[in-house]
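The structure appears below as structure tokens.
The values are calculated or read from the model by the stated rules, or taken from the named source; none is laboratory data. Since the structure is predicted, the reported quantities are computational estimates derived from the model, not experimental observations. Glycine gets a Cβ as well: all are built from the backbone with ideal geometry, and neighbour counts include every protein chain shown. All accessible areas refer to the heavy atoms of the entire protein, side chains included, with ligands and DNA or RNA removed. Shrake-Rupley method; radii C 1.70, N 1.55, O 1.52, S 1.80 Å.
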Amino acid sequence: MAESLALRSARLLLRRLRAEDAAALVGYRGLPEVARYQSWEAFGPEDAARLIAKQVAIDPDTPGTWVQLVAVLAESGEIIGDCGIHFRADDPQQVELGITLAPAHQGRGLATEILNTVLGYVFGSLGKHRAMAVVDADNHPAAALFRRVGFRQEAHHVEHVWFKGAWGSEFVFALLNREWQDPLSSPQLP
Ligand SMILES: CC(C)(COP(=O)(O)OP(=O)(O)OC[C@H]1O[C@@H](n2cnc3c(N)ncnc32)[C@H](O)[C@@H]1OP(=O)(O)O)[C@@H](O)C(=O)NCCC(=O)NCCS
């Protein structure tokens with residue numbers, strides 16, 4: 001059984017995936033508008049079962065693994081999204097983040113709350129040096145989200161990846177632990 005992890009914020013509980021979460025994951029990850037800029041084309045019950053089974057064997061902060069947390073509304077217990085933390089194999093002091101919210105719960109600042117909570121964990125509790133995210137350049141809500149929580153745009157790769165039948169462009173966003181602690185310490189990029 002993998003190590004447990006639970007993070008709380010004003011409106012949410014973030015916790016490890018459980019077998020009984022499968023239907024909720026399929027309910028929003030399977031929607032075309034949610035999958036559009038994600039690594040998957042479709043997300044059905046078998047995909048959910050595979051994801052959950054893999055998670056059961058992974059302890060947080062293991063280099064080379066993604067830990068997926070589900071976001072649960074504290075008020076109702078409803079699963080409204082998930083956030084992945086990639087503990088990078090190439091550098092254990094760096095993480096990559098990914099996030100997905102059910103459309104019915106977008107536009108209320110819940111993704112902002114999830115990322116701020118996860119940043120408290122990776123920077124505050126684990127003391128990581130740098131968090132980064134790769135975002136499709138056409139995914140405007142995701143780019144706005146990472147900017148809103150303080151990430152700097154470090155790169156704009158133009159048509160560098162063949163993605164879902166076309167050349168895709170991506171932004172790389174990053175935030176250092178010291179920038180998270182003191183936004184004024186952010187390097188002034190040209
Ligand atoms: C990326 C994604 C999570 C962003 O979700 P989101 O709902 O736009 O982000 P938030 O939950 O932080 O909500 C922000 C919106 O709520 C508003 N808001 C309301 N209350 C707020 C609060 N307390 N704090 C922050 N924003 C608040 C903001 O003004 C913003 O509105 P706007 O979109 O009109 O500017 C979502 O679009 C998604 O799941 N997309 C599909 C999956 C995906 O592509 N993921 C990215 C992979 S990298």
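Brief remarks follow.
- Listed residues 123, 155, 166: farthest to the positive end of the dipole of the chain (Cβ charges): 123
- Relative contact order (%) - criterion: Cα under 8 Å, at least six apart; region: the stretch 6-185: 17
- Taking every DSSP bridge with both residues inside the chain, close to 95 percent are antiparallel.
- When the P(r) of the stretch 59-107 is calculated, the portion above 17 Å amounts to 43% of the C-alpha pairs.
- Legend: calculated FRET efficiency, residue 181 to residue 106, from the Cβ-Cβ distance at R0 = 30 Å, rounded to 0.05, equals 0.55.
- Share of carbon and sulfur in the accessible heavy-atom surface of the chain [1.4 Å probe, %]: 54
- Cα-derived Rg over Rh, computed across the stretch 1-111 with Rh taken as Kirkwood radius: 0.95
- The label-point distance for residue 154 and residue 19, in a model that sets each label 7 Å from Cα toward Cβ, rounds to 4.0 nm.
- Environment charge at residue 36 (Cβ cut-off 12 Å; Lys +1, Arg +1, Asp -1, Glu -1): -2
- The stretch 133-190: relative contact order as a whole-number percent, Cα under 8 Å and 6+ apart: 35
- Kirkwood hydrodynamic radius of the stretch 72-174, from inverse mean 1/r over distinct Cα pairs, in Å: 14.7
- What separates the Cα centres of the stretch 133-190 and the stretch 17-95 is a distance of 21 Å.
- Calculated FRET value between residue 78 and residue 10, using beta carbons and R₀ = 22 Å, to 0.05: 0.90
- Quick note on the stretch 1-47: its Rg to Rh ratio, both from C-alpha atoms and Rh being the Kirkwood radius, is 1.04.
- The magnitude of the dipole of the chain, with charges of +1 and -1 set on the Cβ of Lys/Arg and Asp/Glu and taken from the Cα centre, is near 340 debye.
- Cα-only Debye scattering, the chain: base-10 log of I(q)/I(0) at q = 0.11, 0.12, 0.13, 0.18 Å⁻¹: -0.48, -0.58, -0.69, -1.40
- Length added when fully stretched, residue 169-residue 147, from 0.36 nm per residue minus Cα-Cα: 6.2 nm
- Net charge of the neighbourhood of residue 128, taken over other residues with C-beta under 15 Å away and scored Lys/Arg +1, Asp/Glu -1, is -2.
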